[in-house]
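Enquirer: This structure is in structure tokens; I'll ask about it shortly.
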Amino acid sequence: MATNTETAETIRSLTGEYKYGFVTDIAAEQAPRGLNEDIVRFISAKKSEPAWLLEWRLKAFRAWCAMEAEEPAWANLRYPAIDYQNAYYYSAPKSDADRPKSLDEIDPELLATYEKLGIPLREQEALAGIAVDAVFDSISVATTYKEKLAEVGVIFCPMSEAVTKHPELVRKYLGSVVPYSDNFFATLNSAVFSDGSFVYIPEGVRCPMELSTYFRINAAQTGQFERTLIVAEKGSYVSYLEGCTAPMRDENQLHAAVVELVAMDDAEIKYSTVQNWYPGDENGKGGIFNFVTKRGACRGRNSKISWTQVETGSAITWKYPSCILQGDNSVGEFYSVATTTNLQQADTGTKMIHIGKNTRSTIISKGISAGRSQGTYRGLVKVLGGAENARNYTQCDSLLLGDKCGAHTIPYIESRNRTARVEHEATTSKISEDQLFYCSQRGLSQEDAISLIVNGFCKEVFKELPMEFAVEATKLMNVTLEGAVG
Amino acid sequence: MPSLLEIKDLHATVGGQEILRGLTLTVEAGEVHAVMGPNGSGKSTLAHVLAGRPGYAVTKGEIRLQGKDLLEMSTEARACEGVFLGLQYPVEIPGVSNMYFLKAALNAIRSHRGETELDAIEFLKIAREKAKLLEMNENLLQRAVNVGFSGGEKKRNEIFQMALLNPTLAVLDETDSGLDIDALRIVSDGINALRSETRAILLITHYQRLLEYIVPDKVHVLSEGRIVKTGGKELALELEKSGYADFEKKDAAAMTASA
Ligand SMILES: Nc1ncnc2c1ncn2[C@@H]1O[C@H](COP(=O)(O)OP(=O)(O)OP(=O)(O)O)[C@@H](O)[C@H]1O
Ligand SMILES: [Mg+2]
């Protein structure tokens, strides 16, 4: 570790003062601003990674340098150019000493939101990043969890731990669904990924509990370049929950995560996300830029991957969870609610690539736009020549709250097999005055009426979420849209 | 004791056009009044103005509910004070179950009255009871509000809501239209069961037939935005025979005279 600190010091002395530094007092735990091969080496060294992984990161970094002109410009998103050399790519998790000691030290606005979401006090403390020992022994929670999983042979740990403990698995699957050269943001992630989750479900095992990143809050701060890999062996099943409904504050503006899923024969992966990063204020100031690559490979016959997402946060969202339906009879599903308010922009959707025979996919997308925000659904359904009898059903509904926002639906359909059937339905509606009047005539306030109508609109997606998550998502929706309609 | 409902010289415009032109009407507690009148005479407008629908501007006159100034109140405040409007065209709310919707509504009204909110089980008990009264199929309670309901089912659902919410003033806009003969009887029985000393009902209808089931204390004829004639239940029979032509002429004559 000493050498790493030295490296940091050296690089720091070369680059000079931190003009905008945020955590200056633990600067040694943070790589200096900017991105070059040394930073990539620094990150890898910090994590004591094996040589092959460093090589992989470096290949990605070189590929990314060559891509610089390829930052996607096709999305319906407007944001100032990101200066990648003006960002930080590594900062160690805060040590307990640097964390707030009690809720008194937390932004009251954030606490008010926790309150509205009905999050228990102890969890509020954990979410707000209060030092572990001051809150509860999360280690013991994690331990019971781990023991139960270990009994059935499920591996669920931070990616950095998997790299050292299960190198053969990581090496085999990392980048096998989203290759390091896949796209601008995924390539950047491959070069500098911080941490994330690794999940391995052995053959025939039905994971005995829902795996939630929530339980890992204190275990590892995943940082801005999260990397997650889930492998479900033959006949296994897992339901994975990412994120939580409480708003996540993060000083890092740029987030570029990668999630890879692999499902073998008869395996099923259900991946649910609630994304509630800081969206910026009502004038569009601040907020996270979220560029995510999520992809699942249904490698085996009869395998199934199902993405369910509730997106309410981030200033910019660029995200297309996809399924590659390789195995015959495999199934891909995408259920999404994307809400934008104020000046938020979201360009999100999915890709369903039908390769195997009798592959089926379902896409249900619900977009809700309020304020001056813009929401875009962008989806690709591609049927390759060998995908006999492939089926897709797509339904995209947009709901506009107010008349300064926008909703856009951009479906791409490419079918190379005559036996395939692809159906697409789209609607755009406003909350009608009739509906609002009906509700208020029955005694409901305007806000309750809107949340009722919106939650009804999202129902088909919410019902795909695990139970408690669905309840939280409903509340989240209400808090998100509070005051969204004047 | 102030009257349950007192409307004085009410003028209201919709879309910049004056529809109600000096309407005066008083209803006492315990009474049922029928309001009849030709298409476009302003019956639904009156109903919406009473409920406080946005877009309906009152330019003159007053409305008092048990002495309280209704015009001062928002739509939801009026509902909480006991104004219920059974709509001529009930609205669909996809994805929201009827039960959920009504529980939210009832609890909003209860909390306004300072009563405790009902939990799902307590609510369900009351809802089942009222559904029985209207012989309403229980699966309609679980389905999304009015979505895919037949015309008659929608109307029945309105009266079911009325039974649950226990209003002080119920304004029922053409609740009878779209009901088959059996449904008409069931819904009418339901409404009759809801007649009470502490409640007033304003029945808007085109058909005398409804008034055979629900016998009104008074019948009013609305024409061109004001009440042009008031009588007992026999007035409805008279109208059935001779139509509204007389009133319209008289009304036009009155207007020229006053001009
Ligand atoms: N938003 C609006 N803009 C302009 N005119 C309107 C609007 N709403 C209603 N009107 C007009 O007001 C008049 C009264 O309508 P209202 O619906 O009150 O009639 P009604 O007596 O209920 O008729 P019916 O028996 O057909 O239900 C009609 O001429 C109608 O066209
Ligand atoms: Mg009418």
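Enquirer: Taking strands (runs of 3 or more DSSP E) that do not extend beyond the range B:44-154, which have at least 3 residues that are within 14 Å of chain A (Cβ to nearest Cβ)?
Expert: Because the criterion is at least 3 residues that are within 14 Å of chain A (Cβ to nearest Cβ), the strands (runs of 3 or more DSSP E) in the range B:44-154 that meet it are B:83-86, B:93-97.
Enquirer: A:Glu388: under 26 Å from A:Ile269 (Cα atoms) and not in a strand (DSSP E or B), yes or no?
Expert: Here the answer is yes, as A:Glu388 does meet what is asked.
Enquirer: Do we find that B:Arg21 is within 30 Å of B:Ala236 (Cβ to Cβ) and either touching a Lys or Arg at 6+ places or on another chain (Cβ under 8 Å) or surrounded by fewer than 22 Cβ atoms within 10 Å (Cβ to Cβ) (or both) in this structure?
Expert: Yes; evaluated as a whole, the condition is true for this residue.
Enquirer: Of the residues B:Asp189, B:Asp176, which is crowded, with 20+ Cβ neighbours inside 10 Å, of a type in the set (Asp, Glu) and at pLDDT below 95?
Expert: B:Asp176
Enquirer: Here is a list of conditions, (1) more than 16 Å from ligand 2 (Cβ to nearest atom); (2) within 17 Å of the chain's Cα centre (by Cα); (3) of a type outside the set (Phe, Trp, Tyr), and B:Glu115 meets all of them except one; can you say which number that is?
Expert: (2)
Enquirer: Here's something else I'd like to know. Give the residue that is farthest from B:Arg64 (Cα to Cα), with candidates limited to residues of the range B:180-211 that are in a loop (DSSP other than H, G, I, E, B) and away from ligand 2 (no atom under 16 Å from the Cβ).
Expert: Looking at residues that are in a loop (DSSP other than H, G, I, E, B) and away from ligand 2 (no atom under 16 Å from the Cβ), I get B:Asp180.
Enquirer: Please enumerate the residues belonging to the range B:155-171 that are more than 13 Å from chain A (Cβ to nearest Cβ) and either in contact with a His (Cβ under 7 Å, 6 or more places away or on another chain) or within 16 Å of ligand 2 (Cβ to nearest atom) (or both).
Expert: B:Lys155
Enquirer: Do we have any residue at all in the range A:466-475 that's touching a residue at least 60 places away in the same chain (Cβ under 8 Å), touching a Lys or Arg at 6+ places or on another chain (Cβ under 9 Å), over 25 Å from A:Ile269 (Cα atoms) and more than 13 Å from every other protein chain (Cβ to nearest Cβ)?
Expert: Looking through the range A:466-475, at least one residue is touching a residue at least 60 places away in the same chain (Cβ under 8 Å), touching a Lys or Arg at 6+ places or on another chain (Cβ under 9 Å), over 25 Å from A:Ile269 (Cα atoms) and more than 13 Å from every other protein chain (Cβ to nearest Cβ).
Enquirer: Going by the conditions given, is B:Gly42 within 16 Å of ligand 2 (Cβ to nearest atom) and at positive phi?
Expert: yes
Enquirer: What do you reckon, is B:Gly55 within 16 Å of ligand 2 (Cβ to nearest atom), of a type outside the set (D, E, K, R) and free of Cβ contacts under 8 Å to residues at least 12 places away in the same chain?
Expert: When the stated conditions are applied, B:Gly55 does not pass them.
Enquirer: Now for a separate question. Going by what's in this entry, would B:Arg78 be described as more than 16 Å from ligand 1 (Cβ to nearest atom) and either under 22 Å from B:Gly190 (Cα atoms) or surrounded by fewer than 18 Cβ atoms within 10 Å (Cβ to Cβ) (or both)?
Expert: Taking the combined requirement at face value, the residue does not satisfy it.
Enquirer: Cβ-Cβ under 7 Å, sequence separation 6+ or interchain: first residue in the range A:169-188 and hydroxyl-bearing (Ser, Thr, Tyr), partner surrounded by fewer than 18 Cβ atoms within 10 Å (Cβ to Cβ). Which pairs?
Expert: Filtered contacts from the range A:169-188: A:Tyr180/A:Lys59; A:Thr187/A:Met67; A:Thr187/A:Ser181.
Enquirer: Among the residues of the range B:81-103, write down those that are more than 16 Å from ligand 2 (Cβ to nearest atom), closer than 14 Å to A:Leu436 by Cα and surrounded by fewer than 21 Cβ atoms within 10 Å (Cβ to Cβ).
Expert: Those that are more than 16 Å from ligand 2 (Cβ to nearest atom), closer than 14 Å to A:Leu436 by Cα and surrounded by fewer than 21 Cβ atoms within 10 Å (Cβ to Cβ): B:Glu92, B:Pro94.
Enquirer: Take the residues in the range A:400-449 that are touching a residue at least 40 places away in the same chain (Cβ under 8 Å) and within 30 Å of B:Ser74 (Cβ to Cβ); name whichever of them is nearest to the other protein chains (Cβ to nearest Cβ).
Expert: A:Ile431
Enquirer: Okay, next question. Can you confirm whether A:Leu399 is surrounded by fewer than 19 Cβ atoms within 10 Å (Cβ to Cβ) and assigned to a strand (DSSP E or B)?
Expert: Here the answer is no, as A:Leu399 does not meet what is asked.
Enquirer: Consider the range B:14-56. How many of its residues are within 19 Å of the chain's Cα centre (by Cα) and more than 8 Å from ligand 1 (Cβ to nearest atom)?
Expert: 22
Enquirer: Oh, and also: Out of (1) buried (at least 18 other Cβ atoms within 10 Å of the Cβ); (2) more than 20 Å from A:Gly296 (Cα to Cα); (3) modelled with pLDDT under 90, what's the single condition that is false for A:Phe156?
Expert: The failed condition is (2).
Enquirer: If you don't mind, there's one more thing I want to ask. Given the criterion under 22 Å from A:Leu261 (Cα atoms) and either among the acidic types (Asp, Glu) or surrounded by 24 or more Cβ atoms within 10 Å (Cβ to Cβ) (or both), identify the matching residue among A:Ala370, A:Ala297, A:Ala315.
Expert: After ruling out the rest, the residue left standing is A:Ala297.
The values are calculated or read from the model by the stated rules, or taken from the named source; none is laboratory data. Small disclaimer: the values here were computed from a predicted structure and weren't measured. Reconstructed Cβ throughout: ideal geometry from the backbone, glycine too, with neighbour counts over all protein chains shown.
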